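Okay, structure first, notes after.
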Amino acid sequence: MKYRLFIWIMWPSFLVSILAEGLLFSIVHPSELLFFGYHPNISDEGIYTIGFFIIWIFCSFSSALTAYILPGISEDTSKESDQGLI
């Protein structure tokens, strides 16, 4: 159940972070970004990567909160514990 819950959290957040990064970096080019008034000495690909992981972390927190407040998820290892969710 723990691995299934992990996949339920990480997979949707991964897909949404792909869309969010595509939307964000289609509007803002990495060379236009300033952090505390300075342009970071990182390549564009590095900024894309860091941005993707930051967005993925925020999306995974959102998915984890949703999984936490869902009724019917318990820590039992029995198969009957998640029958209402499938």
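The values are calculated or read from the model by the stated rules, or taken from the named source; none is laboratory data. Every value quoted in this text rests on a predicted model; they were computed, and no experiment measured them. Ideal geometry is used to build each Cβ from the backbone, glycine not excepted, and the neighbour counts take in all protein chains shown. For the accessible areas, the whole protein counts, side chains as well, though only heavy atoms, and no ligand, DNA or RNA atoms are used. Shrake-Rupley method; radii C 1.70, N 1.55, O 1.52, S 1.80 Å.
See the values below:
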{"quantity": "Compactness relative to 2.2 N^0.38 Å, alpha carbon Rg of the range 11-75", "calculated": "1.42"}
{"quantity": "Computed lengthening from Ile27 to Ile7, 0.36 nm per intervening residue step minus Cα-Cα distance", "calculated": "4.2 nm"}
{"quantity": "Exposure rank, largest accessible area first [Leu19, Leu65, Leu33; 1.4 Å]", "calculated": "Leu19, Leu65, Leu33"}
{"quantity": "Low-density loop positions, chymotrypsin sites (Phe, Trp or Tyr not before Pro), the range 3-72 - DSSP coil, at most 11 other Cβ in 10 Å", "calculated": "Phe36"}
